[in-house]
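The values are calculated or read from the model by the stated rules, or taken from the named source; none is laboratory data. Nothing here was measured: the structure is a model prediction, and the numbers come from that model. Here the Cβ positions follow ideal geometry from the backbone for every residue, glycine too, while neighbour counts run over all protein chains shown. All accessible areas refer to the heavy atoms of the entire protein, side chains included, with ligands and DNA or RNA removed. Shrake-Rupley method; radii C 1.70, N 1.55, O 1.52, S 1.80 Å.
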Amino acid sequence: MSLAKQQYPGWGCPQDVYPPASHWPVQPYEALPGGENWQHFFHVLTEIGEPLPILQGKKPFSPTFSEKVFNELFDRTNGLIVDRSMGTPVETANSPDRPVFPVVILGLPTQTATDEQKKIVADLMGLKTSDIIKVYAVDS
């Protein structure tokens, strides 16, 4: 049984227990780019040998696919909770034309990812730790 299922029995994935990141305290969070249509997030599926849902003509936002990714990341990082959100870079947060794009936030407001956890998540998403940026989570 996976670590996620052991620690969060009865839930699809650990993220289901928490409110969305856009409702977390307003503070900078470390995040990786989610990619257009969340391609980096769903890249985790290919890393674990699962077919990409979009290539099978299935909707990628099906809870089944998201839960697989969230649970895999939780298990491989020994308990790091990540969340998908729209984010805006800290440097441009006050700009009226600030960019807003999909991000995967690394940790909860009370949980900071370790360097090892960051590397694991970045690798599974097909990215590098140098791709990590500081963002504010925003409503889409």
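Would you list Tyr18, Tyr29 from the most to the least accessible area, probe 1.4 Å?
Values: Tyr18 80, Tyr29 15 Å².
Highest to lowest solvent-accessible surface, that is Tyr18, Tyr29.
Ordered by packing density, taken as the mean number of other Cβ atoms within 10 Å over each peptide's residues, highest first, how do 117-126, 95-104 rank? Don't skip to the answer; put the middle values down first.
Numbers: 117-126: 19.0, 95-104: 15.3.
Peptide ranking by packing, descending: 117-126, 95-104.
Net charge around Val44, counting only other residues with Cβ within less than 10 Å of its Cβ (Lys, Arg = +1; Asp, Glu = -1)? Walk me through the intermediate numbers first.
Details: positive: Lys68, Arg76; negative: Glu47, Glu50, Glu72, Asp123.
Charge balance in the 10 Å sphere: -2.
With a 1.4 Å probe and all protein chains in place, put His43, His23 in order of accessible area, largest first.
From most accessible down to least: His23, His43.
Could you tell me the calculated FRET efficiency between Val26 and Ile48, based on Cβ-Cβ distance and R0 = 25 angstrom, to the nearest 0.05?
Efficiency computed from Cβ-Cβ geometry: 0.15.
Going from most exposed to least, what order do Trp24, Trp11 have by accessible area with a 1.4 Å probe? Write down the numbers at each step before the final one.
Values: Trp24 25, Trp11 115 Å².
Descending accessible area places them as Trp11, Trp24.
For region 8-140, what size does the Cα cloud have along each of its three principal axes, sorted from largest down, in whole Å?
Computed over the Cα atoms, the extents are 40, 30, 28 Å.
Apply 1/(1 + (r/R0)^6) to the Cβ-Cβ distance of Tyr18 and Arg98, taking R0 = 25 Å, and write down the FRET efficiency to the nearest 0.05.
On the way: r = 25 Å, r/R0 = 1.00.
For R0 = 25 Å, the calculated efficiency reads 0.50.
With each run of n ≥ 4 DSSP H residues scored as -39500 (n - 2.57), what mean residue ellipticity at 222 nm is computed for the chain after dividing by its residue count and rounding to the nearest 500 deg cm²/dmol?
-8000 deg cm²/dmol
Sort region 63-114 into rounded, prolate or oblate with this rule: let a ≥ b ≥ c be the square roots of the eigenvalues of the Cα gyration tensor; rounded if a/c is under 1.5, and if a/c is not under 1.5, prolate when a/b is larger than b/c, oblate otherwise. Don't jump to the answer; show the numbers that get you there.
On the way: a/c = 4.09, a/b = 1.82, b/c = 2.25.
Taking the square roots of the gyration eigenvalues as a ≥ b ≥ c, region 63-114 is oblate.
Quickly work out the Asn78-to-Thr64 label distance, labels modelled 7 Å from Cα along the C-beta direction, and quote it in nm with one decimal.
Between Thr64 and Asn78, the simple spin-label model gives 3.3 nm.
For Thr114, tell me the accessible area in Å² from a 1.4 Å probe, rounded to the nearest 10.
The accessible area of Thr114 comes to roughly 70 Å².
Given labels modelled 7 Å from the Cα in the Cβ direction, how far is it in nm from Gln111 to Gln6?
1.5 nm
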